[in-house]
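What follows is a short report on a single structure.
The values are calculated or read from the model by the stated rules, or taken from the named source; none is laboratory data. Since we're looking at a predicted model, the values are computed, not measured. Here Cβ is always computed from backbone atoms with ideal geometry, including for glycine, and neighbour counts include all displayed protein chains. Please note that ligands, DNA and RNA were not included when accessible areas were found on the heavy atoms of the full protein model with its side chains. Shrake-Rupley method; radii C 1.70, N 1.55, O 1.52, S 1.80 Å.
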Amino acid sequence: MKMHGLGNDFVVIDQRGGGAVVDAALARALGDRHRGVGFDQLAVLGNVGDADIGLTFYNADGSIAGACGNATRCIAQFEMTRLGADALTLKTERGVLSAKQVDPDRVAVNMGQPLLDWQDVPLAREMDTLELPIEGAPAATGMGNPHCTFFVADAEAVDLEARGAEMEHHPLFPERTNVQFAHLVAADHLRMRVWERGVGVTLASGSSSCAVAVAAARKGLTSRKVAIDLDGGRIEIDWREDGVWMTGPTAHVFSGTLTPAFLDAVDDQ
């Protein structure tokens, strides 16, 4: 299946009934927007004993992504529709996440509590995660993957491709990092743009949106409930006692079948 959340796009492979082995090589081939399908992330559905669905995520470069909020929301919408349910659980590297139908067009997912200690993000050495020793004093947040958030005067004016690529590989982030630039619109409203590790510039990112909301609240810029405008549209984040809830729209674009010739070509590489 091809899905997207606010333009953050995914290929979804349902392996609960078997099928081709999904690995980094297949992820890279599928992620090629000219010779494959194209995506920001690949999500693989599997059977697990302690949740309704198990999810594994790959980035477009074949690396593993520990979390993918928009894909989680899209898959939850698909599965709830299939089952005729209004809530379910999904197991990711972040743990077991809860999802619920908010209205016919939107799904909410609890992405869990943010990781705020330096070793949990993770960072290369002990430091204050609210103000990193980097120009601009960004905040670091773990949401199943590392995030580096800059608050700037105007997110639109940032050279996202240059700054994002530079910061993804900053030595303070041993596992690389997602990078966000955000500015305050109002006390409950942020504008944010994102660079995702292993992908590049994306129209939206659910886990990045959660990280930005957490960082803004920790810095005293906003309350714990905010609307965030991304390049692909608006998402709502609510940092509650039980975790960071993310609410937004989903889209299922098409369902298809990979040809034997495509799979053979991947195996031959």
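Listed here are the residues, each with its yes/no results for (1) open to solvent by less than 10 Å² (accessible area, probe 1.4 Å); (2) under 22 Å from MET127 (Cβ atoms).
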| position | (1), (2) |
| --- | --- |
| ALA153 | no, no |
| LEU190 | yes, no |
| VAL199 | no, no |
| SER207 | yes, yes |
| ARG240 | no, no |
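Of GLY38, GLY17, GLY46, all but one fail to be closer than 18 Å to TRP195 by Cα and surrounded by fewer than 19 Cβ atoms within 10 Å (Cβ to Cβ); the exception is GLY38. If you take the residues of region 178-223 that are free of Cβ contacts under 8 Å to residues at least 40 places away in the same chain and not in a strand (DSSP E or B), which of them is nearest to MET246 (Cα to Cα)? Among residues in region 178-223 that are free of Cβ contacts under 8 Å to residues at least 40 places away in the same chain and not in a strand (DSSP E or B), the one nearest to MET246 (Cα to Cα) is ALA213.
Table: residues versus (1) surrounded by 18 or more Cβ atoms within 10 Å (Cβ to Cβ); (2) within 15 Å of the chain's Cα centre (by Cα).
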site	(1), (2)
ALA215	yes, no
LYS219	no, no
ASP231	yes, yes
ILE235	yes, yes
MET246	yes, yes
THR250	yes, yes
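For region 25-35, give me each residue that is closer than 18 Å to PRO260 by Cα, surrounded by fewer than 17 Cβ atoms within 10 Å (Cβ to Cβ) and within 20 Å of the chain's Cα centre (by Cα). Passing the criteria: only ASP32.
Would you pick out the residues in region 62-83 that are of a type in the set (A, V, I, L, M, F, W, C), in a helix (DSSP H, G or I) and open to solvent by 40 Å² or more (accessible area, probe 1.4 Å)? Explain how you work it out, then say what you get.
Initial filter on region 62-83 (of a type in the set (A, V, I, L, M, F, W, C)): 64-65, 67-68, 71, 74-76, 78, 80, 83.
Subsequent filtering for residues that are in a helix (DSSP H, G or I) retains 71, 74-76, 78, 80, 83.
PHE78, LEU83, listed by residue number.
Taking (1) over 19 Å from SER209 (Cβ atoms); (2) in contact (Cβ under 8 Å) with a residue 24 or more places away in the chain; (3) open to solvent by 50 Å² or more (accessible area, probe 1.4 Å); (4) in a loop (DSSP other than H, G, I, E, B) in turn, VAL96 satisfies each apart from (4). Any chance region 258-267 includes a residue that's crowded, with 19+ Cβ neighbours inside 10 Å and either closer than 29 Å to LEU116 by Cβ or at pLDDT below 95 (or both)? No, the conditions are met nowhere in region 258-267. Taking the conditions (1) without any contact (Cβ under 8 Å) to a residue 24 or more places away in the chain; (2) in contact with a helix residue (DSSP H, G or I) (Cβ under 7 Å, 6 or more places away or on another chain) in turn, ALA162 satisfies each one other than (2).
Is it the case that VAL185 is hydrophobic (A, V, I, L, M, F, W, C), within 21 Å of GLY62 (Cα to Cα) and either open to solvent by 20 Å² or more (accessible area, probe 1.4 Å) or touching a His at 6+ places or on another chain (Cβ under 9 Å) (or both)?
no
Once region 84-93 is narrowed to residues that are in contact (Cβ under 8 Å) with a residue 24 or more places away in the chain and either open to solvent by less than 50 Å² (accessible area, probe 1.4 Å) or more than 20 Å from the chain's Cα centre (by Cα) (or both), the residue that is farthest from ALA43 (Cα to Cα) is LEU88.
Within region 124-137, being out of contact with any Pro (no Cβ under 9 Å at 6 or more places or on another chain), of a type outside the set (D, E, K, R) and in contact (Cβ under 8 Å) with a residue 40 or more places away in the chain holds for one residue alone: LEU130. In region 103-123, which residues are touching a residue at least 40 places away in the same chain (Cβ under 8 Å) and either loosely packed, with under 14 Cβ neighbours inside 10 Å or in a strand (DSSP E or B) (or both)? Within region 103-123, ASP105, ARG106, VAL107, ALA108, VAL109, ASN110 meet the criteria. Out of the residues in region 160-192 that are touching an Asp or Glu at 6+ places or on another chain (Cβ under 8 Å) and either at pLDDT below 95 or not polar (S, T, N, Q) (or both), which is farthest from VAL212 (Cα to Cα)? Once the filter is applied, the top-ranked residue is ARG176.
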